[in-house]
């Protein structure tokens, strides 16, 4: 990658699974694509990945494939059907494995055990907010009140405000996906919720055992998604190939008005030691349903590149949005404009 060329990453999903759409995205400037492993596996995504390989063949463009691992990320168990959580209503939180009528939210034992009465609970990147009001069934379930409602489906994120829940660095599913990474053309992995260099050291050791470390191996993208991760950045930097400023969960862990300053702080630390960094989350979120982005969004992208970002990424914009090709076009053109401005400023 040349000094003034920003890597452009989309996210693979239903909206861009067709090889022709992927071909157009590559032709518009996409340099790689992310596959979210929280909802699937490499084996289950084989058809989509074949389309991606075919799109590369048709364009003659060699592009990256990033797998975003489950790691220690906290998520709910997928409900049997979409839940409509209305403000002021009650919802039951249950430990995974407990019987329910399909209307409750099931949680991993470690997450459930960490919740106490009075805790604020954020779901789906903070879109939904609950307050834990009381125990039921002799403590086997928790009754929560919906403070901010919305639709809830799939394995959405969960955050207990002010608390850290220890989870395994890699899940069994992660290890399976890493084991077949070379078979599917994976070039990098994204590790969620990194809070120490030791986590990345363990991953590098596993990659070494599987012949996926060193030159020609998988790059490690370390996602900074909490205050703890931001504070531990000096410890994390030597072990990461790329730092990811993941503003979704990071914006749940700090007041939103503090998030821009924290983003700039992380960016400055990366620049100081020459570590590449990527910025992601809601960069063109309006384009999920609109063909043209907002002025604020393109300014956000421009400023990320001006701050030194070596890469930018979109998620739902290409995975489930209506205009995946147009998203890449705006992302690329805005990055190019920022790169041109940087060169002129330096002259």
Subject >> Residue check, residue 222 at pLDDT 95 or above and on the phi < 0 side of the Ramachandran plot >> reply: yes
**OP:** Kindly indicate which of 342, 336 is modelled with pLDDT under 95, surrounded by fewer than 21 Cβ atoms within 10 Å (Cβ to Cβ), assigned by TED's automatic domain parsing to the domain that holds residue 23 and out of contact with any strand residue (DSSP E or B) (no Cβ under 6 Å at 6 or more places or on another chain).
**Re:** 342
Original post:
So which residues in segment 60-87 are without any contact (Cβ under 8 Å) to a residue 60 or more places away in the chain and surrounded by fewer than 16 Cβ atoms within 10 Å (Cβ to Cβ)?
Top reply: 60, 61, 62, 80
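Residue-wise test of (1) surrounded by fewer than 18 Cβ atoms within 10 Å (Cβ to Cβ); (2) in contact with a helix residue (DSSP H, G or I) (Cβ under 7 Å, 6 or more places away or on another chain); (3) closer than 30 Å to residue 75 by Cα.
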{"site": "10", "(1), (2), (3)": "no, yes, yes"}
{"site": "15", "(1), (2), (3)": "no, yes, yes"}
{"site": "20", "(1), (2), (3)": "yes, no, no"}
{"site": "24", "(1), (2), (3)": "no, yes, no"}
{"site": "27", "(1), (2), (3)": "yes, yes, no"}
{"site": "32", "(1), (2), (3)": "no, no, yes"}
{"site": "40", "(1), (2), (3)": "yes, no, yes"}
{"site": "43", "(1), (2), (3)": "yes, no, yes"}
Original post:
Of 58, 122, 49, 66, which residue is in contact with a helix residue (DSSP H, G or I) (Cβ under 7 Å, 6 or more places away or on another chain) and part of a strand (DSSP E or B)?
Top reply: 122
**OP:** Identify the single condition in (1) out of contact with any strand residue (DSSP E or B) (no Cβ under 9 Å at 6 or more places or on another chain); (2) surrounded by fewer than 16 Cβ atoms within 10 Å (Cβ to Cβ); (3) at pLDDT 95 or above; (4) within 25 Å of residue 302 (Cβ to Cβ) that residue 201 does not satisfy, given that it satisfies every other one.
**Re:** (4)
**OP:** Would you please list the contacts, defined by Cβ atoms under 8 Å and residues six or more apart or on different chains, that run from a residue in segment 294-315 that is more than 20 Å from residue 276 (Cα to Cα) to a residue that is modelled with pLDDT of 95 or more and assigned to a helix (DSSP H, G or I)?
**Re:** 294/286; 297/285; 297/286; 297/287; 298/330; 298/334
Original post:
Consider residue 290 against the criteria (1) within 15 Å of residue 330 (Cβ to Cβ); (2) without any contact (Cβ under 8 Å) to a residue 24 or more places away in the chain; (3) surrounded by 13 or more Cβ atoms within 10 Å (Cβ to Cβ): it satisfies all of them except one. Which criterion is unmet?
Top reply: (2)
Original post:
Just for strands (runs of 3 or more DSSP E) wholly inside segment 141-198: which have at least 2 residues that are touching a residue at least 40 places away in the same chain (Cβ under 8 Å) and buried (at least 19 other Cβ atoms within 10 Å of the Cβ)?
Top reply: 141-148, 158-160, 188-191
**OP:** Report the residue count in segment 274-285 for those that are touching a helix residue (DSSP H, G or I) at 6+ places or on another chain (Cβ under 6 Å) and either under 19 Å from residue 333 (Cβ atoms) or not in a loop (DSSP other than H, G, I, E, B) (or both).
**Re:** 4
**OP:** Please tell me if residue 334 is assigned to a helix (DSSP H, G or I) and in contact with a helix residue (DSSP H, G or I) (Cβ under 6 Å, 6 or more places away or on another chain).
**Re:** yes
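The values are calculated or read from the model by the stated rules, or taken from the named source; none is laboratory data. Every value quoted in this text rests on a predicted model; they were computed, and no experiment measured them. Here Cβ is always computed from backbone atoms with ideal geometry, including for glycine, and neighbour counts include all displayed protein chains.
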